[in-house]
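The values are calculated or read from the model by the stated rules, or taken from the named source; none is laboratory data. Computed from a predicted structure; not experimentally measured. Reconstructed Cβ throughout: ideal geometry from the backbone, glycine too, with neighbour counts over all protein chains shown. With ligands, DNA and RNA removed, areas are computed over all heavy atoms of the protein, side chains included. Shrake-Rupley method; radii C 1.70, N 1.55, O 1.52, S 1.80 Å.
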Amino acid sequence: MSTNQFIPINLSKKDINGVASWSSPSNIALVKYWGKKENQIPENQSISFTLDACKTITKLTYTRKETVSTEYSFQVFLDKIHKPDFEPKIKIFFARIENYMPFLKEFHFKIETENTFPHSSGIASSASGMSALALCLMSIEKELKPEITNKEFIKKASFLARLGSGSACRSLEGDLVVWGKHKNIEGSSDLFGIKYPNQVHENFKNYQDTILLVDKGEKQVSSTVGHNLMHGHPFAQERFKQAEENITKIKDIFESGDLDAFIALVESEALTLHAMMMTSMPYFILMKPNTLEIINKIWNFRKETGLHISFTLDAGANVHILYPENETEAIIEFIKTELVAYCQNGHYICDRIGFGAKQL
Ligand code: PMV
């Protein structure tokens with residue numbers, strides 16, 4: 001599929017100034033994206049639950065410049081504090097998307113952003129942050145080209161968000177989003193995320209995700225570096241094949257509602273992601289001792305109670321505990337009595353499946 005479809009034609013040059021505001025959530029992958037080609041094209045397909053409570057709220061104030069300059073002009077504020085150290089990342093993002101947003105240098109932007117989760121929680125804000133910014137920029141494009149449909153708007157926002165941070169393209173809609181072209185998922189693409197188009201059993205409606213904050217420090221290895229270490233990785237091709245097969249398997253699981261099969265697939269995906277890190281060269285470990293303590297406790301508790309508690313991990317030490325809504329009471333009790341002790345300062349966040357970004 002060509003990227004040319006995202007180059008806008010007939011954009012108005014009218015003199016607009018204004019404010020665009022969006023909230024956009026984080027997401028947690030069930031089948032993980034790890035490894036990419038040039039231009040943020042994923043090596044394998046991924047699928048995620050969109051989250052509800054963990055989100056970024058971004059307000060973009062745009063003012064048309066009197067004369068067009070050759071530089072981008074913007075300032076970034078996090079929680080009302082000017083953050084010049086965030087600006088190089090935004091500059092790279094603007095440079096990547098300029099071909100598709102040819103008006104970027106015609107405006108001055110004030111980007112004001114805040115997260116509903118603590119900045120230093122170890123929860124990546126790149127998915128929610130980049131998708132919120134992409135949506136704000138799309139609101140400007142819509143002003144310049146009002147005939148754009150809602151479907152095109154979301155698709156292009158996802159396309160742009162992907163260029164900011166791969167997994168960000170899965171944050172715009174909910175409750176499940178697929179990214180990466182897959183033969184069994186109609187409409188799927190390497191260029192943007194799509195709302196999962198197939199049947200989903202009641203068991204997965206309103207699934208819960210309690211995030212245990214095991215380590216709130218800065219990661220030793222960024223996901224950009226981690227993705228790159230999949231080039232020449234001895235197990236890479238097998239891993240990409242496995243992810244493709246797991247998408248087919250999870251499609252059947254979503255249809256049948258088989259919670260045990262879901263648990264096995266999701267936990268295997270999480271551990272495989274970390275196994276890829278441990279077998280990279282150079283190798284690295286992002287899990288902490290408490291991550292493993294929690295995993296073992298979950299396994300024992302599941303064995304004892306028969307409840308459908310499972311875990312997944314992203315590129316860090318925190319643990320996402322996933323469970324069906326009707327088991328919430330017993331599982332929250334278990335988290336409070338047995339697992340909070342392994343969280344940094346006892347911190348955890350109760351989240352659940354959400355339905356995507358919202359214009360404010
Ligand atoms: O979007 P990135 O480049 O930060 O990569 C995210 C990778 C994982 O979170 C580990 C997996 C995923 O699919 O979200």
Residues 114, 106, 87, 43: which one is touching a strand residue (DSSP E or B) at 6+ places or on another chain (Cβ under 9 Å), without any contact (Cβ under 8 Å) to a residue 60 or more places away in the chain and either under 26 Å from residue 317 (Cα atoms) or within 13 Å of the ligand (Cβ to nearest atom) (or both)?
-> 114
Counting only residues that are surrounded by 12 or more Cβ atoms within 10 Å (Cβ to Cβ) and not hydrophobic (A, V, I, L, M, F, W, C), which one in the stretch 68-81 is nearest to the chain's Cα centre (by Cα)?
-> 75
For the stretch 174-184, state whether one or more residues are under 27 Å from residue 252 (Cβ atoms), of a type in the set (Val, Ile, Thr), within 13 Å of the chain's Cα centre (by Cα) and surrounded by 15 or more Cβ atoms within 10 Å (Cβ to Cβ).
-> yes
Subset of the stretch 165-177 [touching a Phe, Trp or Tyr at 6+ places or on another chain (Cβ under 7 Å) and either within 9 Å of the ligand (Cβ to nearest atom) or outside the structural domain of residue 7 (by TED's automatic domain parsing) (or both)] | 166, 167, 169, 170
In the stretch 296-360, which strands (runs of 3 or more DSSP E) lie fully inside it and hold 3 or more residues that are open to solvent by 20 Å² or more (accessible area, probe 1.4 Å) and more than 16 Å from the ligand (Cβ to nearest atom)?
-> 348-352
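Residues checked against (1) modelled with pLDDT under 95; (2) open to solvent by 10 Å² or more (accessible area, probe 1.4 Å):
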site	(1), (2)
96	no, yes
104	no, no
111	no, no
121	yes, no
124	yes, yes
129	no, yes
132	no, no
139	no, yes
148	no, yes
Per-region count, the stretch 329-344, residues over 25 Å from the mean Cα position of the chain (by Cα) and of a type in the set (S, T, N, Q) | 1
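To keep it simple, each residue is scored yes or no on (1) at pLDDT below 95; (2) open to solvent by 50 Å² or more (accessible area, probe 1.4 Å).
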| site | (1), (2) |
| --- | --- |
| 220 | yes, yes |
| 229 | no, no |
| 233 | no, no |
| 238 | no, yes |
| 244 | no, yes |
| 254 | no, no |
| 261 | no, no |
| 273 | no, no |
Scanning the stretch 55-106 residue by residue, the ones that are touching a helix residue (DSSP H, G or I) at 6+ places or on another chain (Cβ under 8 Å) and farther than 18 Å from residue 157 by Cβ total 13
Identify, please: which residue in the stretch 1-40 is in a strand (DSSP E or B), within 10 Å of the ligand (Cβ to nearest atom) and among the hydrophobic types (A, V, I, L, M, F, W, C) and is, among those, farthest from residue 113 (Cα to Cα)?
-> 31
